[in-house]
Amino acid sequence: MTAHRKLIRRTAATATAGVAALVLAACSSDGGHDMGSMNSDSSTSASASASAKAGAHNDADVSFATEMIQHHRQAVEMADLAADRASSQEVKDLATKIKGAQDPEIKTMSGWLTSWGEEVPADMSGMEGHDMSSGMPGMMSSEDMDKLGKASGTEFDTMFLDMMVQHHEGAVDSAKTEKADGKYGPATKLADDVITAQSAEIEQMNKMLGKS
């Protein structure tokens, strides 16, 4: 009987130890799974945060902002000339409108480039001998800017309108490229605004020139 009781106790102890081992293994497995899941969630969250901070963008967005900053700067430079050279109040008003719209956009796009870790182009407008027309649709050459700067009265009005139509057409083309290839939401939205506003101004200027 004594031997039989010892055998029963030994069997029970072995069974209890086995159950305990299974419970510990299950807990360990569940805990490992939860930690892996938490690590995965944390990584995903960190990645999403980094993407949001950088503002999910691509090379087309960088090119658009970089080129359009220079494009806008030249438009503002041209608009500044109208204040004391234009004879038409309508031309002066249009120049003021162009400057008022494009100055803030320059600041906005410069902010994008800075947040992306990209270089904001140096302001080379007005610098003698510097030609910004290369590679940028609609940009005036340094010779064009010299001619505009020396003109006045009705000659200036006509020259300004002709050049600004060409300038705006180039901006619209660049904006269409950004809409097609860009990834950064605010940039494609700005491109859409450029197309709408500058297409309307092109139509207005052509009417002022008697072309439509």
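The values are calculated or read from the model by the stated rules, or taken from the named source; none is laboratory data. None of these values were measured; they are calculated from a predicted model. Every residue, glycine among them, receives a Cβ derived from its backbone with ideal geometry; neighbour counts consider all protein chains shown.
Being farther than 13 Å from M164 by Cα and touching a residue at least 24 places away in the same chain (Cβ under 8 Å) is the filter here; which residues of region 74-96 pass it?
R85, A86, S87, S88, E90
Would you point out which residue out of T154, T108, T114 is in a helix (DSSP H, G or I), of a type in the set (V, I, T), at pLDDT 95 or above and in contact with a Ser or Thr (Cβ under 6 Å, 6 or more places away or on another chain)?
T154
Looking at E143, E178, E201, E169 in this structure, which one is in the same structural domain as D103 (by TED's automatic domain parsing), over 28 Å from T108 (Cβ atoms), out of contact with any Pro (no Cβ under 6 Å at 6 or more places or on another chain) and not basic (K, R)?
Only one candidate qualifies: E143.
Going by the structure shown, is D193 within 28 Å of the chain's Cα centre (by Cα), acidic (D, E), assigned by TED's automatic domain parsing to the domain that holds I106 and exposed (fewer than 14 other Cβ atoms within 10 Å of the Cβ)?
yes
Being farther than 20 Å from Q198 by Cα and either in contact with a Leu (Cβ under 9 Å, 6 or more places away or on another chain) or at pLDDT below 95 (or both) is the filter here; which residues of region 55-83 pass it?
Hits for region 55-83 are G55, A56, V62, A83.
Those residues that are acidic (D, E) and over 20 Å from T177 (Cα atoms), I need them from region 66-117; list them, please.
E77, D80, D84, E90, D93, D103
Just name the residue that is nearest to the chain's Cα centre (by Cα) out of those in region 139-151 that are surrounded by 14 or more Cβ atoms within 10 Å (Cβ to Cβ) and in a loop (DSSP other than H, G, I, E, B).
This residue is M139.
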